[in-house]
Amino acid sequence: MSIRRRKKAISKVVKLLNLATSSNPSEAQMALRHAEAIVRQNSVSRSEVPLSALCDPTTLNKVKWGAQSQSHTDFAPNSVPKYARTSAAAESRFKEKPVDKTNSYAGARTILDEEYASEPEF
């Protein structure tokens, strides 16, 4: 990695760590996650981050330096994602429901009916 890219990565980490001191908890958490991702991608060490550029130097303790993310370590290749699992509620929700002939709209003509399409337009 070039020196320029490394400096840019360290600069991003500093900005994100400063954003991690935000009073908005979700914003702070996302900033910390992004900082950790950049640290992992660019192999940035803790000693490379200048303490003088940080609003709160204790944010360095919140970063997992050199650790892999849990999503990569806990991944099992044969596991089924939870969103792919089917449930009885999901299956019944998308089943085709029988047509109720007593419904007042059941006999109404639509533009898809052949008789309706053959009538001349005015």
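The values are calculated or read from the model by the stated rules, or taken from the named source; none is laboratory data. As the structure is a prediction and not an experimental result, all values here were calculated from the model. No Cβ is skipped: glycine too gets one built from the backbone with ideal geometry, and neighbour counts run over all protein chains shown.
Which residues, taken from the stretch 58-67, are part of a helix (DSSP H, G or I) and surrounded by 13 or more Cβ atoms within 10 Å (Cβ to Cβ)?
Within the stretch 58-67, the first condition is being part of a helix (DSSP H, G or I), and the residues that meet it are 58-62.
Within the stretch 58-67, 59, 60, 62 qualify.
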### Task
Name every residue in the stretch 40-55 that is assigned to a helix (DSSP H, G or I) and either within 22 Å of the chain's Cα centre (by Cα) or of a type outside the set (D, E, K, R) (or both), in order of residue number.
40, 41, 42, 47, 51, 52, 53
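Residues are listed down the side, and each one gets a yes or a no for (1) modelled with pLDDT of 90 or more; (2) farther than 11 Å from residue 63 by Cα; (3) surrounded by fewer than 16 Cβ atoms within 10 Å (Cβ to Cβ):
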site	(1), (2), (3)
3	no, yes, yes
9	yes, yes, no
13	yes, no, no
27	yes, yes, yes
31	yes, no, no
36	yes, no, no
39	yes, no, no
51	no, yes, yes
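Of the residues in the stretch 1-39, how many are assigned to a helix (DSSP H, G or I) and free of Cβ contacts under 8 Å to residues at least 24 places away in the same chain?
Selection size over the stretch 1-39: 17.
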### Message
Tell me yes or no: at least one residue of the stretch 78-85 is over 17 Å from residue 15 (Cα atoms) and modelled with pLDDT of 65 or more.
### Response
no
